[in-house]
Amino acid sequence: MESSLSVIDLVRHADPVVQAIVLGLALCSVACWAIIIEKLIRLTSLRRQISALEQLAAHGGRGAGQLPGVAGAVMSAARSEQADLAAGPAPPYEARSRIEETMRAAMLIELRRLEGGLPFLATISSAAPFIGLFGTVWGIMTSFASIAQSQDTSLEVVAPGIAEALFATAAGLAVAIPAVIAFNQISAVLGRAAQSGGAAIPPIARALAREGAKSFAEID
C-alpha cells in the first residue's frame, strides 16, 4: 500500500473529477510561474529605467540620451510636448504643467503595460484554494460511497481514498501561495516605481520648460 500513497499514484487512482481539478491546477501553476518569471525580468529592467530617470532629474534634465523602456517613453513624450510648445509662446508655468502632465500620462501607460498578468495572478491566488477544496469534498464523497459499498472501514481501505481527496487541497494551496506572494510583491514594486518616477518628473519638466522658453527667446 505504500506505493498507493505516492503523489503519482494518488493522482492516478483518484476520481476523474479530482484528476481533472488537479490537472487544471497544474496548468494554472505553469501559467502563474511563466508570468512570475517574466515579471521578474521586466521589473529588474524597470528598476534601471527609473534609476536613469532619477539621475536625469538630479542633473537638472541635462544629458538625456537614448533612455530605455519607461524612461525613454517618458522623455520622448516630454520632448514631443516641448516641440509643440515651441510653435507658440506659453507662460513658463503653463509650459511646465503641460510637459509634466504629458510625462505622467506616458509613465502611466508604460506602467499599465507591465501590469499585464496581474489580474490572472490575483484570480488564481483567491480561487485556487477553493478549487482544490471542491476536489477534496468531491473525493471524500466518492471515497465514503466506496467504503459504504465495500463495508470495510479499516485504515488500509480508508486512508488511500482520503489522501487522494486531500491532495486536491494541497495542490490548490501550492498554486495559490506563490501566486498571492508574487502578486503582492509585483504590485509593491510597481507602486514604488510609480512614486520614484513621479518624483523625478517635476524637476525634468521645469528644466525642459526653461529650455524651451530660452530657445523661443533666442529665436524671437
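Observations on the model:
- Unmet requirement for I186, which otherwise passes all of (1) crowded, with 18+ Cβ neighbours inside 10 Å; (2) more than 18 Å from the chain's Cα centre (by Cα): (2)
- So S4, is it at pLDDT below 75, assigned to a helix (DSSP H, G or I) and of a type outside the set (D, E): yes
- Here L133 fulfils each of the conditions (1) out of contact with any Ser or Thr (no Cβ under 8 Å at 6 or more places or on another chain); (2) aliphatic (A, V, I, L, M); (3) farther than 30 Å from L46 by Cβ apart from (1).
- V180 being within 30 Å of V70 (Cβ to Cβ) and either assigned to a helix (DSSP H, G or I) or in contact with an Asp or Glu (Cβ under 8 Å, 6 or more places away or on another chain) (or both): yes
- Taken over segment 110-121, the criterion of being surrounded by 13 or more Cβ atoms within 10 Å (Cβ to Cβ) and over 9 Å from the mean Cα position of the chain (by Cα) is satisfied by E110, L111.
- The set of residues in segment 169-186 that are more than 25 Å from G139 (Cα to Cα) and out of contact with any helix residue (DSSP H, G or I) (no Cβ under 7 Å at 6 or more places or on another chain) comprises I181, N184, Q185.
- Subset of segment 3-56 that is under 27 Å from the mean Cα position of the chain (by Cα) and of a type in the set (S, T, N, Q) - its residue that is nearest to A165 (Cα to Cα): S29
- Among the residues listed as F216, F144, the single one being under 30 Å from A95 (Cβ atoms), assigned to a helix (DSSP H, G or I), open to solvent by 60 Å² or more (accessible area, probe 1.4 Å) and at pLDDT below 85: F216
- Taking segment 7-23 as the range and being touching a helix residue (DSSP H, G or I) at 6+ places or on another chain (Cβ under 7 Å) and either at pLDDT 80 or above or open to solvent by 20 Å² or more (accessible area, probe 1.4 Å) (or both) as the test, the residues that pass are V11, H13, D15, V17, V18, Q19, I21, V22.
- Filtering S45, S29, S76 for residues that are open to solvent by 20 Å² or more (accessible area, probe 1.4 Å), of a type outside the set (F, W, Y) and at pLDDT below 90 leaves a single hit, S76.
The values are calculated or read from the model by the stated rules, or taken from the named source; none is laboratory data. Quick caveat: nothing in here was measured; it's all calculated off a predicted structure. In this analysis, Cβ positions are derived from the backbone assuming ideal geometry, glycine residues included, and neighbour counts consider all displayed protein chains. In case anyone asks, the SASA skips ligands and DNA or RNA and just uses the protein heavy atoms, side chains included. Shrake-Rupley method; radii C 1.70, N 1.55, O 1.52, S 1.80 Å.
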